[in-house]
1. Quick check on the stretch 114-161: take the gyration tensor over C-alpha atoms, sort the square-rooted eigenvalues as a ≥ b ≥ c, and tell me if it's rounded (a/c under 1.5), prolate or oblate.
2. Size of the dipole of the stretch 73-205 about the Cα centre, Lys and Arg at +1 and Asp and Glu at -1 on the beta carbon, nothing else charged, in debye to 20?
3. For the chain, with a Gaussian network of springs between Cα atoms less than 10 Å apart, report the residue from GLY222, GLY109, GLY274 with the top mean-square fluctuation.
4. Mind jotting down the distance between the C-alpha centroids of the stretch 91-162 and the stretch 217-289, whole Å?
5. Any number yet on Rg/Rh for the chain, C-alpha, Kirkwood?
6. Place a +1 charge on the Cβ of each Lys and Arg in the chain and a -1 charge on the Cβ of each Asp and Glu, then give the dipole magnitude about the Cα centre in debye, rounded to the nearest 20.
7. So how strong a dipole does the stretch 7-124 carry about its Cα centre when Lys and Arg Cβ are +1 and Asp and Glu Cβ are -1, to the nearest 20 debye?
8. Return the loop-located trypsin sites (Lys or Arg not before Pro) in the stretch 68-145 (DSSP other than H, G, I, E, B) with at most 12 other Cβ atoms within 10 Å of their own Cβ; answer none if there are none.
Amino acid sequence: MADRDGLIWLDGEMVPWREAKVHVLTHTLHYGMGVFEGVRAYNTESDGTAIFRLKEHTDRLFRSAHILGMNMPFDKDALNAAQKAVVRENNLEEAYLRPMCFYGSEGMGLRADNLQTHVMVAAWEWPSYMSPEAKELGIKVRTSSYTRHHVNITMCKAKANGNYINSMLALKEALDCGCEEALLLDNEGYVAEGSGENFFLVYKDTIYTPELTSCLDGITRGTIFELAAELGYTIKEKRITRDEVYVADEAFFTGTAAEVLPIRELDGRIIGSGKRGPITEKLQSMYFDAVKGRRPQNRDWLAPVAK
Ligand code: PMP
């Protein structure tokens, strides 16, 4: 990742990709206190290359920093402009963007005093998180032996660097077992989310998703609420058990990277027909139309990167 051409925005300046470095005593590297976003830009039919729901991602980045008590040295406008600039100046038609705020090497220790918050934004081509077939056929998922974070152990509403140890352990376990993703339960045993996705199921023509208690407030999740409403569905937020998932008619994950991803199997139990269900398919195609600029009514979700 480090040895390539391009530009990374670091603390207000465009820096050559290979020179965008930090010291080994960078505080966030030691203790994981940092916040980040995962954002995508698509080549749209209406607006050229545009960042999907940029405002919502930047708002969440600032909420995450606020929750962790990190000072932000830039305002939202500066961060939005930086994200557009990295896509534009790296000549990317479609991109995955990674803004991150981290503590520098000004000091060490848990007191975290006298530290400065540094901000970076990188962008690169990352076309598909899963195989293209997975979007149609769905993926195999395994209930994780790792519990999702508890609200009083870490701050679940913050997209915080350190939170992702839990996600990585769960994903590795699932991959090692021949599955493609993990489903994490909360500390009471109810379905929470995937390692990097929110979860939905369809049962008897109703769409359900877990309450947000210990899940990330996903921007794709919010988008699905709006798209489902247009189809006449009010999504019900409720506690979901793993056996409710086994007998669901359809299930899917949502996330910026995963987009709308059908789940065909959980713990060896086939879900519904064992492939993408009709409601999943409808929402998925509406989502792809929205990100690709084919829905004029959702044009305000697109932030064109052209100056
Ligand atoms: N949950 C977790 C733990 C995540 O990391 C992500 C990805 N950011 C999501 C859910 C989905 O969020 P979004 O739709 O905003 O990408």
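Just so you know, all these numbers are worked out from the coordinates, no wet-lab data involved. On a predicted model such as this, the values are computed, not experimentally measured, just so you know. Glycine also receives a Cβ, built like all others from the backbone with ideal geometry; neighbour counts cover every protein chain displayed.
1. oblate
2. Approximately 260 debye in magnitude.
3. Largest GNM mean-square fluctuation: GLY109.
4. The distance from the Cα centre of the stretch 217-289 to that of the stretch 91-162 comes to 22 Å.
5. Computed over Cα atoms, the ratio is 0.97.
6. 180
7. Working: 12 positive and 15 negative charges, 59 e Å.
Result for the stretch 7-124 is approximately 280 debye, rounded to the nearest 20.
8. Working: sites: LYS76, LYS84, ARG88, ARG111, LYS135, LYS140, ARG142; in loops: ARG111.
Counting only loop positions with at most 12 other Cβ atoms within 10 Å, the trypsin sites (Lys or Arg not before Pro) in the stretch 68-145 are ARG111.
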